[in-house]
1. Report for the chain the percent antiparallel among DSSP-assigned beta bridges with both residues inside it, nearest 5.
2. Measure nothing but the geometry: give the 0 to 90° angle between the long axis through the Cα atoms of 144-156 and the longest principal axis through the Cα atoms of the chain, rounded to 10°.
3. Select from 217, 236, 42 the residue whose mean-square fluctuation is largest in a Gaussian network model of the chain (Cα-Cα springs shorter than 10 Å).
4. Mind checking region 165-271 for chymotrypsin sites (Phe, Trp or Tyr not before Pro) that DSSP puts in a loop (not H, G, I, E or B) and that have at most 14 other Cβ atoms within 10 Å?
5. May I ask for the net charge around residue 144, where only other residues with Cβ less than 12 Å from the Cβ of residue 144 are counted and Lys, Arg are +1 while Asp, Glu are -1?
6. Of the candidates 136, 117, 207, which one comes out as most mobile in a Gaussian network treatment of the chain with C-alpha springs shorter than 10 Å?
7. Separation of region 162-220 and region 37-107 by C-alpha centroid, Å?
8. List the relative contact order of region 9-270 as a percent without decimals, with contacts defined as Cα pairs under 8 Å and 6+ residues apart.
Amino acid sequence: MQRFPKPQVRRSNRLVGTNYYLLFIKSSNKSRVAVITGGARRLGRQITYFLARSNYSVAVIYNSSDKKEVTLTQKYLNSLGTEYEFYRCDLRNLVKTKELVRKIGKRFRKIDILINNAGVINKTDFLKITPELFENTISVNLKAPLFMSQFCYKYLLKSDEPQIINIASIGGLMNWSGFIPYSISKAGLIKLTYLLARRLAPHIRVNAIAPGTIVIRGEERLSPSKIKPEKIPLNRYGEAEDIIEALKFIIDCKYLTGQVISVDGGRSINI
């Protein structure tokens, strides 16, 4: 069993790289390690909270989250006594991303779970899609999960039960013509899940969750652009707890790999 150094608390706000920033370190005797991208706000933050409550040490990677969001997440982790580190990194920069994973590996020695959650979404008419918008969406939603998985591979192999969980979207299953770059990127992420599950078996399990419309209480207002609840078979929007339940199942079911679980209230029935 992996043993971490004697518990200690060390605060730091030093710059440790051009694109990422170490905010806080707290050590304790936790044995399981999770890495999550986009883990400082909305659904990603709720997943981070779940991992902390489940006694994982967490490495949280974020980019556009503001200081208030990061501080709020840290306060909750502090209340649990969780071992954690926060890193700011633009995942489109693969050189910096690779270096960041090396630092995470050096710090935690292994990775038990990689959760590729970071993503971007933009509603754009077909005729207004630009090369920059397309490239940015593909880079964050598809290329980053691919290379995060590759960079984390050797640290995942140090775990007894390693797994990769991709947060996809039913937008990758349905034909959202107003979100063409997004839907293409999430369809690619779903395909990547199948391919990695085949390639990395039997050593690393790879699965995905495809959320529908998820509303995080207290973090967002309902937008008129959201689908109306009555058009969803279960007649409501999803909540973070719905995704967490699927996440628990994936983590605990040791005979599961190469699967994409839609948590959408039945919305994707209308593919």
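No value in this document is a laboratory result; all are computed from the given coordinates. From a predicted model like this one, the values you see are computed outputs, not experimental measurements. Glycine also receives a Cβ, built like all others from the backbone with ideal geometry; neighbour counts cover every protein chain displayed.
1. Around 15 percent of the beta bridges assigned by DSSP in the chain are antiparallel ones.
2. Helix 144-156 sits roughly 30 degrees off the main axis of the chain.
3. Highest fluctuation among the options: 217.
4. Here the sparse-neighbourhood loop sites are 255.
5. Surrounding charge for residue 144 is +3.
6. Per the Cα network of the chain with a 10 Å cutoff, 136 tops the list.
7. Here the two parts' Cα centres lie 20 Å apart.
8. Relative contact order comes out at 16 percent.
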